[in-house]
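Take a look at the structure set out below.
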Amino acid sequence: MIATAQAPPGTEPAPIITLPPVEVIATSPLPGVGIDRDKVPGTARSLSADDFARTASPYITETLFQRIPDISLSDPNGNTAAQELSYRGFAASPLQGTPQGLAVYMSGIRLNEAFGDTLNWDLIPTNAISRADVWTNNPVFGLNALGGAVSLQMKNGFNYEGFEGEIQGGSFGRRSAAAEYGGRYGDYAVYFAGQGIHDDGWRFRSPTDLARLFGDLGWRDDHTELHLITLAATSSMGAAAATPIQRLDRDIRAVYTTPQSTDNQAVLLGLNGKSALTSTWSLQGSAYVRGFRQHHIDGNFADSERCSNSASPQFRSHLCLADEGFPRPSPVTTAFRDQFALLDQHNNTIPCPPGSGNTCDTTPFGTLDRTATRTTTVGASLQATSTRQLFEHDNHLVFGGSIDRSTVTFSTDSTLALVNPDLTVTVNPAIPGNGAIIHTLGDIGYGPRSIETHNSYYGIYALDTFDVTDRLSATAGARLNLLELTVRDRLGNSPDLNSNQTYTRLNPVAGLTYKLAAAGPTAYIGYSEANRAPTPLELACSNRVKPCLLESFLVADPPLKQVVARTYEAGLRDNPPFLGGKLEGKAGLFRTDSTDDIINLASLLAGRGFFQNVPGTRRQGVEASLRYESAEWSAYAAYSLIDATYQFTGDLSSPNNPLADENGNVHVVPGKRIPGIPMHQAKFGIDFMPRPEWTVGADAVAVGSRYFLGDDANQNTKLPGYLLVNLHASYHPIKEVELFLRINNALDKRYALFGTYFDPTPAANVGLPVVLTDHRSEVLGQPLSVYAGLRVTF
């Protein structure tokens with residue numbers, strides 16, 4: 001007979017405490033045995049496949065921007081498919097020359113490109129994303145995780161079954177189609193996803209064509225699971241960059257010099273898997289090979305002039321690179337003047353065009369600058385996870401290592417051309433030197449380059465979370481990063497480019513989490529360090545005296561120091577039941593202090609730039625968010641404050657800034673805000689289902705003002721803030737069919753995503769309808785646009 005304990009007569013039964021479901025998250029790029037999110041001593045925000053479907057955007061950056069409080073978008077490329085994402089003031093950008101600060105992974109495979117740590121968001125298929133985790137305070141994600149990391153987990157046939165097809169179209173000639181299929185067949189599973197997009201672009205000469213394919217073949221038994229994954233993607237983008245505001249005032253679609261286009265191609269083959277060795281030990285691993293190709297062409301004004309009369313006789317009345325503002329010897333010598341002489345590929349001088357007067361200065365010379373990048377990367381990771389108790393307390397231990405080895409060939413040249421009245425840059429055979437590949441006698445500014453780089457990156461890490469009590473958990477760990485970088489000149493004309501550099505650092509992490517009640521909020525506090533090594537591009541372009549025509553030219557320069565970021569973080573989070581649904585709330589404080597931060601500065605020579613270390617920067621702030629889910633309602637609200645400042649005293653080069661001093665510098669003191677990072681952001685969204693087949697909703701983003709790039713001393717007018725409102729609706733006539741509508745920028749606001757300075761003087765001789773005098777240029781966001789589509793699911 002079995003006895004059942006009963007409460008004494010006359011007493012109330014003890015209340016039943018319903019604990020919220022435990023949400024687990026992988027604490028490293030390799031998905032393994034996850035940990036309770038409440039035990040993470042930092043911020044880890046997640047988006048699901050439904051979040052990406054809700055925005056119906058083919059671009060991952062738009063969904064991340066809409067739903068993650070601390071993420072902002074910039075658009076230095078002038079194309080929605082190639083926007084720059086910033087998280088807590090650290091960038092993940094496709095633009096070569098932007099100092100990067102986020103690590104990004106897909107199914108445990110690092111996606112940061114080896115040459116410049118850039119992130120080509122355009123190559124990621126959004127419909128194949130199962131989950132996106134955005135991390136802070138976790139050096140396990142390796143190099144470049146200064147501000148955090150984005151870890152993407154892709155769908156497979158075990159977690160997605162069925163078929164979904166989608167077509168949509170709308171404003172500015174956008175047409176897209178997407179399909180995915182997943183199925184399980186016993187121990188095997190298959191998944192396939194494809195996307196194709198064409199967009200004419202709302203600006204002139206800014207079309208986009210994208211094609212992406214992703215596949216997964218999986219197998220598993222009771223202990224082991226393996227996945228063979230493939231990715232193939234190609235993109236072609238017209239990216240016309242920033243436009244002078246005086247042209248935008250006449251036509252918001254206007255662009256500056258063109259062509260500016262980028263063609264990307266990527267292929268990936270990877271194998272990842274996991275195996276349960278015992279009931280408490282498991283093993284995870286991955287291996288991959290990835291190829292990346294990029295071709296870029298950029299039409300620009302040539303910063304040219306007639307050679308000085310004090311140059312050698314053979315150069316007089318010929319074409320030279322402008323030398324104003326360049327550091328000069330005293331007295332100015334003939335040899336100094338001669339080094340600016342422009343020569344063709346046969347070392348011939350280029351005469352001024354025929355005519356009267358100074359035709360070299362009155363002819364609007366331009367250049368067609370081309371770059372080609374070819375990268376092959378192979379890598380492997382191995383990780384062990386233990387959930388075995390330690391001293392009879394729950395314990396979660398992860399340790400492992402990774403190897404990523406890349407070979408990059410990078411080549412570039414400039415062809416002399418002419419800037420036409422419509423600002424297109426073309427070769428005109430009637431103009432002397434047009435069509436020639438040019439260089440300068442002194443190897444300054446212009447010159448063909450071809451280099452080969454080898455990156456060998458090794459990482460070893462361990463992370464342990466120990467439950468001190470049933471409410472208090474302690475985390476500690478570290479990652480050792482080792483990068484060996486070799487640069488070799490392939491043409492033999494620039495042996496001073498050859499270099500070997502090694503960067504090593506051990507980055508610790510530690511933190512505590514405490515559950516204030518069994519079913520109540522959790523408090524956390526954490527500290528971590530992360531580092532970023534200079535990229536081959538930055539190492540080869542860090543000399544102020546020999547600036548580069550970014551993103552094209554390389555010169556031999558002094559080595560840069562690696563960046564080290566130290567992050568302090570504390571906050572609260574909770575997910576209680578509320579009004580028949582679930583309410584999730586998060587609030588936190590953070591500070592990241594970076595030493596030897598790498599920044600990109602404009603040169604005294606127009607259109608050129610260079611990289612340099614600065615002693616210190618700081619990014620600190622507040623983030624708070626609420627999210628509510630019920631059967632009929634879904635809503636979210638978020639706010640972030642990012643105070644991004646310089647923490648040193650010194651001069652920075654910004655010659656196009658109208659308030660720069662006579663040497664082209666601006667003076668920075670501690671507390672000056674870093675340009676391009678908005679201090680305030682607020683995000684809101686709501687969905688309502690009046691009937692099961694109907695959903696209507698809206699999203700709004702309010703972004704505060706920010707300083708133009710180049711206004712490091714904070715002396716000029718800011719780039720204005722903006723409010724962006726998007727509307728959406730969907731209808732299911734039957735369960736398997738969905739009709740959807742998206743109205744972006746519903747209030748048709750004019751707003752700018754990016755602002756910088758330029759030199760308006762080279763455009764004086766082109767014959768524009770308005771004389772350019774304002775140094776400000778902007779990339780505007782897309783005006784009112786409407787998209788409709790059909791989604792079929794089986």
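Pairs of Cα atoms in region 350-478 fall into 10 Å distance bins, from 0 up to the last occupied one, in shares of 10, 22, 16, 12, 11, 11, 10, 6, 2, 0 percent.
You can think of it this way: the chain between Thr362 and Ala587 has 75.1 nm of extra reach, that is 0.36 nm per residue less the Cα-Cα gap.
Cross-link partners for Lys155 among the aspartates and glutamates, with Cα-Cα distance under 19 Å and sequence neighbours closer than 8 places in the same chain left out: Glu23, Asp50, Asp51, Asp122, Asp133, Glu164, Glu166, Glu180, Asp187, Asp216, Asp221, Glu225. Once neighbouring chains are kept in place and the probe is 1.4 Å, which whole percent of the accessible area of the chain is contributed by carbon and sulfur? The C+S portion of the solvent-accessible surface of the chain is 59 percent. Convex hull volume per residue, computed on the Cα atoms of the chain, equals 175 Å³.
Compared with the rule-of-thumb size 2.2 N^0.38 Å for a compact globular protein, region 736-782 has a Cα radius of gyration ratio of 1.95. Using only the C-alpha atoms, the convex hull of region 152-217 corresponds to 82 Å³ per residue. Calculated on the alpha-carbon coordinates, the convex hull of region 197-274 measures out at 110 cubic angstrom per residue.
When the alpha carbon gyration tensor of region 233-392 is reduced to an equivalent ellipsoid, its three semi-axes come out at 56, 22, 17 angstrom, largest first. Computed from label points 7 Å out along Cα-Cβ, the spacing between Thr773 and Trp633 is 5.6 nm. With Cα atoms as the point set, region 610-691 shows a radius of gyration and Dmax of 20.5, 67 Å. Anisotropy class assigned to region 373-419 is prolate, per the alpha carbon gyration tensor with a/c at or over the 1.5 cut-off and a/b larger than b/c.
Within the same chain, lysines fewer than 8 places from Lys515 are excluded, and of the rest, those with a Cα less than 16 Å from its Cα are Lys39, Lys586.
In the full protein context, region 283-427 carries 43 Å² of accessible surface per residue, based on a 1.4 Å probe and ignoring ligands, DNA and RNA.
Only DSSP H runs of four or more residues enter the estimate; each adds -39500 (n - 2.57), and after division by the residues of the chain the mean residue ellipticity at 222 nm equals -1000 deg cm²/dmol.
Each of the peptides 295-305, 567-577 was scored by the mean count of other Cβ atoms within 10 Å over its residues; in descending order, highest first, they stand as 295-305, 567-577. Ellipsoid semi-axes for region 17-148, based on the Cα gyration tensor and the rule √(5λ), read 25, 18, 13 Å when sorted largest first. Remark on region 685-751: ratio of C-alpha radius of gyration to 2.2 N^0.38 Å is 1.70. Cross-link partners for Lys561 among the lysines, with Cα-Cα distance under 23 Å and sequence neighbours closer than 8 places in the same chain left out: Lys546, Lys672.
Label-to-label distance, Ala384 versus Thr793, with points set 7 angstrom from Cα along the beta-carbon direction: 4.2 nm. Using the alpha-carbon positions of region 446-541, Rg (one decimal) and Dmax (whole number) come out as 21.9, 69 Å. Along the axis of the charge dipole computed for the chain (Cβ charges of +1 for Lys and Arg, -1 for Asp and Glu, origin at the Cα centre), the listed residues Pro327, Tyr751, Ala510 are led at the positive end by Pro327. Is the shape of region 73-189 rounded, prolate or oblate, going by the alpha carbon gyration tensor and its root eigenvalues a ≥ b ≥ c, with a/c under 1.5 for rounded and a/b larger than b/c for prolate? Cα axes put region 73-189 in the oblate bin.
Look at the dipole of the chain built from charges on Cβ: of Ser286, Pro139, Gly401, the Cα furthest out on the positive end belongs to Pro139.
Rounded to two decimal places and with Rh computed the Kirkwood way over Cα pairs, what is Rg over Rh for region 568-639?
1.32
The values are calculated or read from the model by the stated rules, or taken from the named source; none is laboratory data. Just so you know, these numbers come straight off a predicted model, no measurement behind them. Here the Cβ is made from the backbone with ideal geometry for all residues, glycine too, and neighbour counts use every protein chain on show. All accessible areas refer to the heavy atoms of the entire protein, side chains included, with ligands and DNA or RNA removed. Shrake-Rupley method; radii C 1.70, N 1.55, O 1.52, S 1.80 Å.
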